[in-house]
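Beneath this line is the structure, given in structure tokens, with notes to follow.
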Amino acid sequence: MADNSDATYMAKLCEQAERYEEMVSYMKAVAKDSVSDLDLEARNLLSVAYKNVVGARRASLRIIGSIEAKEKEKGSPNESLVCSYKAKVSAELTEICDDILKVLDTSLIPKAEAPDATVFYLKMKADYYRYLAEFADETSKQGYACSAEEAYKAATEGASSLPPTHPIRLGLALNYSVFLYEVQNKSELACTLAKHAFDDAIAELDTLDEESYKDSTLIMQLLRDNLTLWTTEEDVEK
């Protein structure tokens, strides 16, 4: 593998060419070879690489799961074929998640120095345990969900030192609330978390610098959209 500057350049090239599996390989090498913490650009490249690779499998599993339900409802003989294919894609997702979790635990979290880097990695760790929990069977789901919650709580504790408008702190609140709502079925807690994050950020919106404004306000919009959706669903169920 080339040195880190070459590997980082190749990762950016892979991103532009939408060859995310290779992008993962380059950024994993950067993470492992770096003697100190990654800079912001490298952290973001690592995140983008794995997010796209695992995101493709998550999207596939949602589609396959929907087809499986339809085949089951019809009593179709194709149900077993769909089920087997679902298991194959699920195994790919598990392998990718296990891979980044190992990189985080062995190479990145121990080297993290700045608070924003620590929160970034802990949030990432929680997210990938959440992805595992989303599609796991009931036997494994509980363990993955517990690991995700533990990492989200640790990240939230670390994020208290960041401004309420910081994109990493807001992104953490967004993903943690989604985890509580979709995986843990704790809708009230999810809404409370999202609302507090949104309100705290609004109160300090005038302190946002130009560089962070776009990222922060985008995440705030997503928090508000989720709150609107979740409260509407709660009202319908009542």
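The values are calculated or read from the model by the stated rules, or taken from the named source; none is laboratory data. Keep in mind that what you see is a predicted model, and the values were worked out from it rather than measured. All Cβ positions, glycine included, derive from the backbone under ideal geometry; neighbour counts span all protein chains shown.
Of note:
- Selection within region 28-45 - in a helix (DSSP H, G or I), free of Cβ contacts under 8 Å to residues at least 40 places away in the same chain and either outside the structural domain of K12 (by TED's automatic domain parsing) or under 19 Å from P110 (Cβ atoms) (or both): A29, V30, D33, L40, A42
- Every condition in (1) crowded, with 18+ Cβ neighbours inside 10 Å; (2) over 25 Å from L40 (Cα atoms); (3) out of contact with any Ser or Thr (no Cβ under 9 Å at 6 or more places or on another chain) holds for I168 except the one numbered (2).
- Tally, over region 165-222, of residues that are touching a helix residue (DSSP H, G or I) at 6+ places or on another chain (Cβ under 8 Å), over 30 Å from A136 (Cα atoms) and of a type in the set (D, E, K, R): 1
- Looking across region 171-219, the residues that are among the aromatic types (F, W, Y) and either closer than 24 Å to A133 by Cα or surrounded by fewer than 22 Cβ atoms within 10 Å (Cβ to Cβ) (or both) come down to Y176, F179, Y181, Y213.
- From the list E150, E92, the one residue that fits, being part of a helix (DSSP H, G or I), outside the structural domain of K51 (by TED's automatic domain parsing) and surrounded by fewer than 17 Cβ atoms within 10 Å (Cβ to Cβ), is E150.
- Any hit, region 6-13, residues being at pLDDT below 95 and surrounded by fewer than 19 Cβ atoms within 10 Å (Cβ to Cβ): yes
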